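The block underneath contains the structure these notes are about, expressed in structure tokens.
Read-outs throughout are calculated quantities, based only on the coordinates presented, and are distinct from any laboratory measurement. Remember, it's a predicted structure, so these values are computed and weren't measured experimentally. Heads up, the Cβs are rebuilt from the backbone with ideal geometry, glycines too, and the neighbour counts pull from every protein chain shown.
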Amino acid sequence: MRRLSPLDRIALAIVILYVVFRVARAFGRTIPFTPFLGFLAFVAVLYFAVRLLPWVRTKLLWRLRSRLVVAYVFIAVVPVVLLLSMVGLGAYSLYLQLGAHLLQDDLQERISTVSAEGDAIAGAIQQEIAHGAPATEEGVMSHPAVTSLIAAARELTPNLRVELNRGEELLRLGGGSHFAGLVERQGTLWIDSAMTRSTPSGRLVVLAGVPVTSELLDSLGSDLGPIQLTVFRSVDTRPATGILLEVNGHIYVPREHIASKRRVLRPAANWFDVRVNGYSTLEAVPLQSGDDATTIPVVSSFFVRPMSLNRVLFASVGELASALLFALTLAGFVFLILEAAALVTGVVLTRTITRAIDDLYEATLHVRRGDFSYRVRVHKRDQIGALGDSFNEMTSSVSELIAEQRQRQKLENEITIAREVQEQLFPHSLPSMAGLQVGATCRPARTVSGDYYDFISLGPTRMGIAIADISGKGIFAALLMASLQAALRSMASLNGHGGTATLVTRLNSHLFKNTSDDRYATFFYAVYDTESRILTYTNAGHLAPFFVNDAGVQQLDEGGTVVGLFEDPPYTQGSLKVAPGSVLVAFSDGLTEAENVYGEEFGMQRLKEEVMRQRSAAPQRLAENLIAATEQWAGTPEQADDITVVVARMG
């Protein structure tokens, strides 16, 4: 009730009030405005139906099983029910029509009998009058010929009455010289027949009739059960209560009820031989004064068994009637069996589908809770079973992917830690020394870099400059780079004024002993003395750096092979006298091997031209400009290899 809106409460109140009014009317209490309230109640019911649709859709039809059941009901059950209803309604209409036809035939037979007897008696009266009998009821009706004929007629039709010079109104209604039918006179229903005869004394009217009584209804010869006739009379005003009929603008109320007393319904032949209650309407001619209706309705009700009517219906086919009835019954039975089988099949298929969907839904709940080990039960090897197998394979794949993702996330976390550790290995700040300006930058292709550069202070006037390119990429190269950095710094501090070749030889021996056979590094190491302005260096397989001065560009390639690959290779060192303004540019191969869209490398020549063009720039700016030139050449910021540039301006 708390969820009801004000409009809902008003509609509910209207429905309740209408129910109260209907109950009061059932107890004989008349309440005004009840029809209008009934209309409002109908609108309220429609309103509640519309209001309930969302609830039905979201609550009742949420489960797939409910939807399938509803769909099956509308697709299969409802049409069958409608078909059976139409068959039942058609059969009832047929039996109703046939029963009414039998009743009307029985009554018409009695009307014809009364008419024939009236004609015979009128003929006898006509002859007697022609032989001189007086044309009065006392005179002619007492003649033996007439009395014997009336007595014979009453043997066949009890209660037969014959009257002279009555029935003129019936003849006028009949539009001729003869009338036969139902007549309501003096509050009683009659079967009357009126006819005229010509006599020497003039026109003679003879009225023959028999009252419609319980005995007459009992004597009807058809297989109908109990029969009741209700005679209506015309009234001027509509009564407040009771039964009424309205026909052609006239209002009729019941006047007389005539029911059979001895008629009984035949016993049922089988389960399907049910009792049929039928109705039909007859017409009677009113003779009472003051009635402006030309006819009045007579409603007949009767009971009948279908099998009794079937015998009448199939009487024309003779001996084939029983076979035809058996064929129809068998067809109906087979139809019911097939419908039951279809219903069972639909229920089984529905349960199969909904059970699989329920299993899938339960599995999705487990997956949503993170349980990827749950598996759907596969009951049958059909498309639904294949769907269950696909779901199981999907959850297995998702579980594997999540495990891989976790492993990858763990590895990425480790790489991130390695990156942070590696950043600590690079110089935190560029060293400052009189007569020397340095700049450096490293662009890793991945999270961690295999390139390495370093500036090592060897005294007040001496600075070590190192650059290396570790074989491979990623975390393994980063680990080797860390080992190289630690060894280089410890050896450089112990080397004192020893040559660069000696340091590189020791470094090679250390890496060879502590790394695998497939791990090595290209390495360039130089020492610059600002006091003597001497640059000594050893190049261990690294790309030859550029030494730029006023005389041009010189490549520093004196040294030997890579470090860490061979046990005791020879290394030499080179020495240069540094002129003021000389620039040393060391770089990794990622700078020169960058390719454009056509597969052309940036190359040493373009790098040399770019260095000569920007040689006057500050060391840090020059290093960044060289990388920018390479990226512009490649046309994409993505790198295939680590790029490291070290620039030192000396003198």
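Return the percentage of antiparallel bridges among DSSP beta bridges fully within region 426-650, rounded to the nearest 5 %.
Details: 50 of 53 bridges.
The antiparallel proportion sits near 95 percent.
Gyration tensor over the Cα atoms of region 83-313: the corresponding equivalent ellipsoid has semi-axes (square roots of 5 times the eigenvalues, largest first) of 38, 23, 14 Å. Each residue of region 176-186 was assigned a 3J(HN,Hα) from its phi angle through the Karplus expression (A = 6.51, B = -1.76, C = 1.60, θ = phi - 60°), giving x, 9, 8, 9, 8, x, 7, 9, 9, 9, 6 Hz with x at Gly and Pro.
Helix-only mean residue ellipticity at 222 nm, the chain, DSSP H runs n ≥ 4 weighted -39,500 (n - 2.57), per residue, nearest 500. What is it? Please report the intermediate quantities before stating the final value.
Values: 16 runs with 302 residues, N = 651.
Computed mean residue ellipticity for the chain: -16000 deg cm²/dmol.
Under 1.5 on a/c is rounded, so check that first for region 495-628, then, if it is not, pick prolate when a/b is larger than b/c and oblate when it is not; a ≥ b ≥ c are the square roots of the alpha carbon gyration tensor eigenvalues. Taking the square roots of the gyration eigenvalues as a ≥ b ≥ c, region 495-628 is oblate. Annotation: peptides 244-253, 499-508, 81-90, ranked by per-residue average of other Cβ atoms within 10 Å with the highest first, follow the order 499-508, 244-253, 81-90.
Across all directions of projection, what mean area in square nanometres is found for the Cα convex hull of region 148-261?
Working: hull surface 40.0 nm².
Value for region 148-261: 10.0 nm².
Derived from the Cα gyration tensor, the three semi-axes of the equivalent ellipsoid of region 565-611 are 28, 22, 7 Å, largest first.
When the charge dipole of region 83-313 is built from unit charges on Cβ atoms (+1 for Lys and Arg, -1 for Asp and Glu) and taken about the Cα centre, the candidate among Val298, Leu282, Gly242 whose Cα reaches farthest toward its positive end is Gly242.
Under the rule a/c < 1.5 gives rounded, and otherwise a/b versus b/c splits prolate from oblate, where does region 426-650 land using the Cα gyration tensor? Since a/c reaches 1.5 but b/c is at least a/b, the shape of region 426-650 is classed as oblate. Within the chain, helices built from complete DSSP H runs that reach 15 Å or longer along their own axis (Cα positions) and carry a mean Kyte-Doolittle hydropathy of 0.0 or higher are 6-26, 34-55, 78-130, 144-156, 320-368, 474-495. In order along region 564-569, phi translates into HN-Hα couplings of x, 9, 10, 6, 9, x Hz, rounded to whole numbers, per the Karplus curve 6.51 cos²θ - 1.76 cosθ + 1.60 with θ = phi - 60° and x for Gly and Pro.
Considering the chain at the alpha-carbon level, its Rg and Dmax are found to be 60.4, 185 Å.
Given a cut-off of under 8 Å on Cα pairs at least six residues apart, what relative contact order in percent is computed for region 83-313?
Values: 406 pairs, mean separation 47.5, N = 231.
So the answer I get is 21 percent.
Taking a ≥ b ≥ c as the square roots of the Cα gyration tensor eigenvalues, with a/c under 1.5 meaning rounded and otherwise prolate when a/b beats b/c, else oblate, which class fits region 293-382? It is oblate, given that a/c is not under 1.5 and a/b is not larger than b/c. Each of Gly590, Pro570, Gly132 was scored by the projection of its Cα onto the charge dipole of the chain, and the greatest displacement toward the positive side belongs to Gly132; charges sit on the C-beta of Lys, Arg, Asp and Glu.
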